[in-house]
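Asks: Have a look at this one.
The values are calculated or read from the model by the stated rules, or taken from the named source; none is laboratory data. As the structure is a prediction and not an experimental result, all values here were calculated from the model. Note: ideal-geometry Cβ built from the backbone for every residue, glycine included; neighbour counts use all protein chains shown. These accessible areas exclude ligands, DNA and RNA; they are computed on the full protein's heavy atoms, side chains included. Shrake-Rupley method; radii C 1.70, N 1.55, O 1.52, S 1.80 Å.
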Amino acid sequence: MKLAGRFYDLTWRRVRHLGAVALLAAAALFRMVTPPFEGRESLRQFEALIVGSWKLAAIIAFFTGMVMALQTAYALAAFGAKLYVGEVVGISMVRELAPVLTALMVGGRVGAGIAAELGTMAVSEQVDALRSLGADPVRKLVVPRLWSLLVGLPLLVVLANVAGIVGGMVISTWELNLSAGFYLSHVLRLMDYSDLFSGLGKTVFFAFAIGIIACYNGLAAEGGAGGVGRAATDTVVAVAISVLVLDFFLTKLFLSL
């Protein structure tokens, strides 16, 4: 009976947790399309959260492209098909690797930062002070961060696409003795706009999930510094799981279109 009771309590807490996240998402969506708009704060959040991430996104994608080229060349060598490294690297980066790896990086770096910042405001009663002044915490705190992620993550993924393809080109020219022009022509031969939009379309869902999870955990933090740390840790874990689960279903969706 005790085990059944604990399982029931755990399940009920998870259901309540998901319900609270859904309510926050609905409230944020409504405020994102209704005035007043916090344009200046959204721009400030974009600079604070996204601009500082472009170097890391480029480095991760660059070396991922290099590894992809090496592994692909090794695998295709058995079939005498090393010449098709460009196609594999280009499609893999644009459709899958760049969006997912960049989202995981942003979720870890930016998501944890948002949760820690809002968590500090929550435990120090700054969020309650906003409410007492008649301000809407969702509009003032959540919406600007969501807009910065929705605009910034696709831009980071575009940069990651370029960096990953360049990384593959470096390996193709140095290790496989292919010319840069030959490699790039093969990258573009199979790639079309649907591949690009498939990867970028995923980033919209990833960005919204990262923002909502981070903001919810931050605003729900309690218990002082320990609560802030737990909020940041829970955000990283939840974002990683959410991005990978969303990636599967979105991949199925875009492949069926």
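Asks: How many residues does the range 188-241 hold that are of a type outside the set (Ser, Thr, Tyr), open to solvent by 30 Å² or more (accessible area, probe 1.4 Å) and under 30 Å from residue 83 (Cα atoms)?
Replies: Selection size over the range 188-241: 8.
Asks: Can you tell me which residue in the range 113-161 is farthest from residue 238 (Cα to Cα), limited to those that are within 12 Å of the chain's Cα centre (by Cα) and hydrophobic (A, V, I, L, M, F, W, C)?
Replies: Here the answer is 155.
Asks: Let me ask something additional. If you check every pair at least six apart or on different chains, which have Cβ atoms under 8 Å apart with a residue in the range 29-55 that is over 14 Å from residue 109 (Cα atoms) first and a residue that is in a loop (DSSP other than H, G, I, E, B) and open to solvent by less than 90 Å² (accessible area, probe 1.4 Å) second?
Replies: 31/136
Asks: Follow-up. So residue 156 fits all but one of (1) under 30 Å from residue 126 (Cα atoms); (2) open to solvent by less than 20 Å² (accessible area, probe 1.4 Å); (3) in a helix (DSSP H, G or I); what number is the exception?
Replies: Unmet for residue 156, out of (1) under 30 Å from residue 126 (Cα atoms); (2) open to solvent by less than 20 Å² (accessible area, probe 1.4 Å); (3) in a helix (DSSP H, G or I): (1).
Asks: Might you let me know whether the range 194-203 holds any residue that is in contact (Cβ under 8 Å) with a residue 40 or more places away in the chain, touching a Pro at 6+ places or on another chain (Cβ under 6 Å) and more than 18 Å from residue 25 (Cβ to Cβ)?
Replies: Among the residues of the range 194-203, at least one is in contact (Cβ under 8 Å) with a residue 40 or more places away in the chain, touching a Pro at 6+ places or on another chain (Cβ under 6 Å) and more than 18 Å from residue 25 (Cβ to Cβ), which makes the answer yes.
Asks: If you don't mind, another one. Within the range 24-46, how many residues are surrounded by 12 or more Cβ atoms within 10 Å (Cβ to Cβ) and either under 17 Å from residue 153 (Cα atoms) or modelled with pLDDT of 90 or more (or both)?
Replies: Going through the range 24-46 one residue at a time, the tally reaches 13.
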